[in-house]
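Q: Let me give you the structure first, and then I'll get to my questions.
The values are calculated or read from the model by the stated rules, or taken from the named source; none is laboratory data. As the structure is a prediction and not an experimental result, all values here were calculated from the model. Neighbour counts run over all protein chains shown; Cβ positions are idealised from the backbone, glycine included.
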Amino acid sequence: MEQHRIILIGHGGISLSYLKAFSSIEHVHIVGVVGRSIEKVREFAAKHGIPFSGTTVEEVAKQSKATSAVICTPNAVHGEGVIAASQLGLHCLCEKPLHIGRDQQQLMIDSCRTHGVKLAVSYMRRFSSHLQFIKGVIESGALGRITAIDVRLKHFRPAEYYNSWHGTEEIDGGGPFIQQASHIIDLALWLGEGYRQVVTAKRFQVYHDIEVEDHGYAIVQYTNGAVGMIQASTACKGLNQEAIEISGTEGSIAASFNEIISFQVPGLTQPVFNANEGESLMLFERLARDFIHSIDENRAPFIDGESAAQTTEFICDIYEQAGEPVRTYS
């Protein structure tokens, strides 16, 4: 069995999820970590028992004899990590979104293809059993012709969350559309077989003093013909809700990240899923296992670069249609 030696590029909070996920897989070892500050990256490595650390991908990859890399840096820096790692022959698992720009993410995809390495992206909600079941129901035709796919994410972030690179065009790439809502937008594209067009969109600043949106709406049409509205917000104090609602000529299904909320499909019974199915750690473990298996089996990852790139493309179209955010307070 091949031994997989993985380095982390970036060591922010999300990197802890990958440490836990890969620790559950045999023949996989986190052997290095890359960071901007030599003091901080050494501290992180010592705390988590990671043998090698440094400030460049090339240095750490060489010292650790790495075979793969997990890119955990801020959104706009994903490209640097993926391209550097792929040029060294390392398979890449990139945190979502793949990137904030169309051109850069294509360079990432091309670099991985040129150097013969895998590129997986962390839209791990697609591994949720209840959402995979819904995908199967749609593909079976049990819902009939799909008429509407509506998406809602209403969260709240305190002001201190935005005292960083979050909420910036340059690094974050936007507000909740590309950050908090990108998982559920990715699901809508996955279930809707892609998109035809963004009909209209609007961005607002309703609560936070930031340069991007904290609240927004888009009306879209999907490839399967369905139309829908997307709501994305980090300005809904007291709420932490997300839902995707799919209607067809024969029935409807609504789901959150964790469960099926409503199931009205003639001739089908709603199955019972494990209550832990939607937990992030379980999904990270499935993502990590699929990444490793894609290398061992020489196949495409379940969420590969091309698939994830469509989500960024879609969100970029929403932003272009919406224009600059409108501030609703003075």
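Q: Is it the case, given these coordinates, that ILE315 is of a type outside the set (Gly, Ala, Ser), in contact with a strand residue (DSSP E or B) (Cβ under 7 Å, 6 or more places away or on another chain) and at pLDDT 95 or above?
A: No.
Q: Now a separate question. Here are some residues: GLY323, GLY251, GLY267. Which one is in the same structural domain as ALA226 (by TED's automatic domain parsing), closer than 28 Å to ILE100 by Cβ and over 23 Å from the mean Cα position of the chain (by Cα)?
A: GLY323
Q: Also, quick follow-up: Take the residues in segment 74-89 that are aliphatic (A, V, I, L, M) and surrounded by fewer than 24 Cβ atoms within 10 Å (Cβ to Cβ); name whichever of them is farthest from the chain's Cα centre (by Cα).
A: LEU88
Q: When GLU95 is evaluated against the numbered criteria (1) surrounded by fewer than 24 Cβ atoms within 10 Å (Cβ to Cβ); (2) within 20 Å of the chain's Cα centre (by Cα); (3) under 26 Å from ARG196 (Cβ atoms), which criterion, by number, is the only one it fails?
A: Only one criterion in (1) surrounded by fewer than 24 Cβ atoms within 10 Å (Cβ to Cβ); (2) within 20 Å of the chain's Cα centre (by Cα); (3) under 26 Å from ARG196 (Cβ atoms) is unmet by GLU95, namely (3).
Q: If you scan segment 246-289, which residues turn out to be in contact with a helix residue (DSSP H, G or I) (Cβ under 8 Å, 6 or more places away or on another chain), among the acidic types (Asp, Glu) and within 24 Å of GLU193 (Cα to Cα)?
A: Correct list: GLU259, GLU277.
Q: Residues being within 21 Å of the chain's Cα centre (by Cα) and either in contact (Cβ under 8 Å) with a residue 40 or more places away in the chain or buried (at least 17 other Cβ atoms within 10 Å of the Cβ) (or both): count how many of those fall in segment 220-234.
A: 9
Q: Any residue at all in segment 32-55 that's among the β-branched types (Val, Ile, Thr) and surrounded by fewer than 21 Cβ atoms within 10 Å (Cβ to Cβ)?
A: yes
Q: Still on this structure, please answer the following. So which residues in segment 295-324 are under 23 Å from SER128 (Cα atoms) and buried (at least 20 other Cβ atoms within 10 Å of the Cβ), if there are any at all?
A: Within segment 295-324, PRO301, ILE303, GLY305, SER307, ALA308, ALA309, THR311, THR312, PHE314, ILE315 meet the criteria.
Q: State which residue pairs qualify: first residue part of a strand (DSSP E or B) and inside segment 136-149, second residue surrounded by fewer than 16 Cβ atoms within 10 Å (Cβ to Cβ) in any location, beta carbons under 8 Å apart, and separation of 6 or more residues or different chains.
A: ILE146/GLY225; THR147/GLY225; THR147/THR249
Q: Related question: Return the residues of segment 11-26 that are of a type outside the set (Ser, Thr, Tyr), more than 13 Å from ILE50 (Cβ to Cβ) and in contact (Cβ under 8 Å) with a residue 60 or more places away in the chain; say none if nothing qualifies.
A: The answer is GLY12, ILE14, LYS20, ALA21, ILE25.
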